[in-house]
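The structure appears below as structure tokens.
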Amino acid sequence: MKTSPSISVSHLSKTYFPTFFSVAVNIAKPLTGRTSSRPNRLKAKKAVDDVSLQIKSGERVGIIGRNGAGKSTLLHLIAGMTAPSFGQIDIQGKVTAIFSLGTGLRDDLSGKQNIFLSGELQGKSRSEIESAYKEITEFANIGEFIDLPLRTYSTGMKARLAFAMLALEDPEILIIDEALSVGDSSFAQKAKKKIRELCDSGKIVIVVSHDLRAIKDICDRCLWIDSGKVAFDGSPVEATTRYLHAVAQNDDSESLAGLENSLKTRFGSLLNKDFTLSLHQSNINVGHVPVLFEGQPFGISSTYTNLKTELGWYRLRLERLDGVLVDETIREARQSNKTNTTQLEIKFPSLILAPGVYVFTLELLDSIQAVPAATFRIFRVMSENEIAGGKPLLYYHARITPQEGSSVIAAQQS
Amino acid sequence: MCAVTGVDITLEKGQIIGLIGGNGAGKSTLLRLLGGVYEPTQGTIWRSGDVMALYELGQFARRTLTGRAYARHFLKFNGQKPEQIEPLLREIMDFSELGEYFDRPIYTYSSGMCSRLYFATSTSLSADIYLIDEALSVGDEHFQAKCWKRLTEKLNQNASSVLVTHDWTSVLKLCSRAYLLEKGKTKFTGNAESTVTTYLSSIREQLAPGARFSNLPAQVSAKTGQSFQMPISITSESDIKDLELSFSIEKLKSGSDWKILILVSDLKIKPRGGRTTFTLEIPDLPIPRGDYYLNLFLTAPKKNGIVSAQPYDVKTWYWGNPIRLKVEDPDTQAMCVLPKTWAVQ
């Protein structure tokens, strides 16, 4: 009687140390007098850092994380391809891993020959392979290509064949690394169904993917790995949302500095300390980058003084971080006569922008459309609501009401 | 067995064309024929200009080389002079974000790191013609965005390109023309939008029975800044307690842009059996003059945040049955017109 498969990992760490060669090169560096732009390679890298987890029979576990977060190392450890530096792994069951699809397939053999060869290597009998062959060809659905050498296959076909050949393996713990992203949508559906079937019969499936939708569809548990540690372990929907937020924040801080610099170069000498722009919302968070909340009213104030030229127009532009021009208004300018200081107030009844980073630029134009002065302000929009099904430019509201005379129970906006 | 049969394709200078189709349709074979990997059995291919192939990236990489050594070999192989190589190497190192790994052997890389290296290296040089096979599915979300940006920059420098992909959204955004392949034959040729519509019509989900939109107009018009109202009738076989209506307004310029401007999802409605009419109202319509698509979706409520595979009814451009929305009044280069008031003191 077989026991059901399970994985138990406690305090698992994997450290990659610098190689002897790189140490030697570093020591020799001052002696040879050669200066190198290469970074120091003498740091040990903790690819997996004190990870403990239990995976029970029948679980479909997704693993997500940035490139280099340690996902692959963790799987290699579970698959026994590399030894842990510290900690324990206890695995019940046979591990089958697809790290890169098509490993072990021979390019010069046809699909059919590959299936039979692989079956023989697994120690299956002729009749077992023949029945599996039927199943595989049906699943892979590559038609007459099955009798052609593998080198004539497209990536998608290879992936389908390799996945279908799992039928030969009879896996108890199946590890799939980035392998599902190659097929088209109908194949993805079939693969998902197959994975469900495996798990329903008590097997374990672990999927690593950057395709968050696939993770949400396939898995019932999701681990988010960040710099070698488990940052989150729980429902796929929550894990992917948290992960996406973290990625977005991280990217923003890098690109914000770039945006500010590019705006400074764009406007150059037009920027003037006597021309200011500020944003206000009741709960404004005054930091380097103001944070505004979607769905609430907000306003822009601007003051300028001592302009020598005669003003013609104001031009207010709103741009998104990726350069999309969201809004542009050109208005006739008025310079007040009494004082040298002019104040401009622009009010928005509601902030209807989708979450992200934006910039307002305000330019003063003279009568011949030249720009004597400009100013800008970068800000971030946050929202408490999440819109499902796409990424619109605006978060705008709409109402749906039953028409009079129609027979309706009730209608409301969520 | 013919992988590609009787295909005619013309790619002009500065043009980007897309090849879409299911697995095994012959897209990859066609791309490799264009790139000169295979010899055609019949027919001719005429090329003029440098070709940069972005498929099977890293096929020449020896795993014992460091990332830097690989990139240097690649650049040398592509005829770069020694003094051109150093700045390019720095650029590749920055773009691939490999950091200190750039000086470690490729066999220590994770698969994501490999593809970042190969992509950064292959795209560091400029060419007249780019052949791209699913190159945009490289790495995580952040890196994909970077790749996307880099490719569009390259392509906008008057380069020509053939793009092979499952991802029809990139065909919409980039390609002026697209070819739908099926079993090695061109099944459909046209602008990106019509080709994508044809492609999607072959793989779209079935409608669930029970409720349908009825008598929707093919075109509606609206004015910027004014309330937009539209009656929506729904016919259902019986009382339905929970139904969700979602709608979006999208701007689609084939080959240059595709944006969802407004998306409101999950308006809850409860139609009685027979026909029920609702009024959809968007106050102060914040979009400028132009032609848009208004898409409507009638679905059952989500379960665990996942939309059910079978919608009741769908009206959208990619099903070929959208409602055209024509907006009149002010003309602006911007995507939207935000409601606002000005005061000068």
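Points to keep in mind about this one:
- Test: residue in region A:115-127 that is open to solvent by 20 Å² or more (accessible area, probe 1.4 Å) and within 30 Å of B:Asp133 (Cα to Cα): yes
- Any chance B:Lys315 is open to solvent by 40 Å² or more (accessible area, probe 1.4 Å) and either closer than 24 Å to A:Asp217 by Cβ or within 12 Å of chain A (Cβ to nearest Cβ) (or both): no
- Exactly one residue among B:Leu65, B:Leu19, B:Leu57, B:Leu30 is surrounded by 14 or more Cβ atoms within 10 Å (Cβ to Cβ), under 30 Å from A:Pro18 (Cα atoms), touching a residue at least 60 places away in the same chain (Cβ under 8 Å) and not acidic (Asp, Glu), and that residue is B:Leu57.
- Cβ pairs under 6 Å, 6+ apart, first in region A:304-322 and among the polar types (S, T, N, Q), second open to solvent by less than 50 Å² (accessible area, probe 1.4 Å) and modelled with pLDDT under 85: A:Thr309/A:Asp366; A:Thr309/A:Pro372
- Residues that are open to solvent by less than 30 Å² (accessible area, probe 1.4 Å) and either within 10 Å of another protein chain (Cβ to nearest Cβ) or part of a loop (DSSP other than H, G, I, E, B) (or both), drawn from region B:33-47: none
- Which listed residue, of B:Asp8, B:Asp50, B:Asp94, is out of contact with any helix residue (DSSP H, G or I) (no Cβ under 8 Å at 6 or more places or on another chain), more than 30 Å from A:Gln189 (Cα to Cα) and exposed (fewer than 12 other Cβ atoms within 10 Å of the Cβ): B:Asp8
- Some residue of region B:325-340 being open to solvent by 20 Å² or more (accessible area, probe 1.4 Å), facing chain A (nearest Cβ under 8 Å), over 22 Å from B:Ser201 (Cα atoms) and among the β-branched types (Val, Ile, Thr): yes
- Selection status of B:Leu75, over 19 Å from B:Thr165 (Cα atoms) and crowded, with 18+ Cβ neighbours inside 10 Å: yes
- Condition met for B:Ala159 (modelled with pLDDT of 80 or more and open to solvent by less than 70 Å² (accessible area, probe 1.4 Å)): yes
- Test for A:Leu148: is it within 14 Å of chain B (Cβ to nearest Cβ), open to solvent by less than 30 Å² (accessible area, probe 1.4 Å) and farther than 28 Å from A:Lys391 by Cβ: no
- Odd one out for A:Lys46 among (1) under 25 Å from A:Ala239 (Cβ atoms); (2) open to solvent by less than 70 Å² (accessible area, probe 1.4 Å); (3) at pLDDT below 85: (2)
- Among the residues making up region B:187-216, those that are outside any helix (DSSP H, G or I), open to solvent by 50 Å² or more (accessible area, probe 1.4 Å) and either without any contact (Cβ under 8 Å) to a residue 12 or more places away in the chain or not aliphatic (A, V, I, L, M) (or both) are B:Lys187, B:Phe188, B:Thr189, B:Asn191, B:Arg204, B:Glu205, B:Gln206, B:Pro209, B:Arg212, B:Asn215.
- Considering residues of region B:100-139 that are surrounded by fewer than 19 Cβ atoms within 10 Å (Cβ to Cβ) and within 9 Å of chain A (Cβ to nearest Cβ) only, the residue modelled with the lowest pLDDT: B:Ser137
- Here B:Leu11 fulfils each of the conditions (1) touching a Phe, Trp or Tyr at 6+ places or on another chain (Cβ under 6 Å); (2) in a loop (DSSP other than H, G, I, E, B); (3) hydrophobic (A, V, I, L, M, F, W, C) apart from (1).
The values are calculated or read from the model by the stated rules, or taken from the named source; none is laboratory data. Small disclaimer: the values here were computed from a predicted structure and weren't measured. Cβ atoms come from the backbone with ideal geometry, glycine included; neighbour counts cover every protein chain shown. These accessible areas exclude ligands, DNA and RNA; they are computed on the full protein's heavy atoms, side chains included. Shrake-Rupley method; radii C 1.70, N 1.55, O 1.52, S 1.80 Å.
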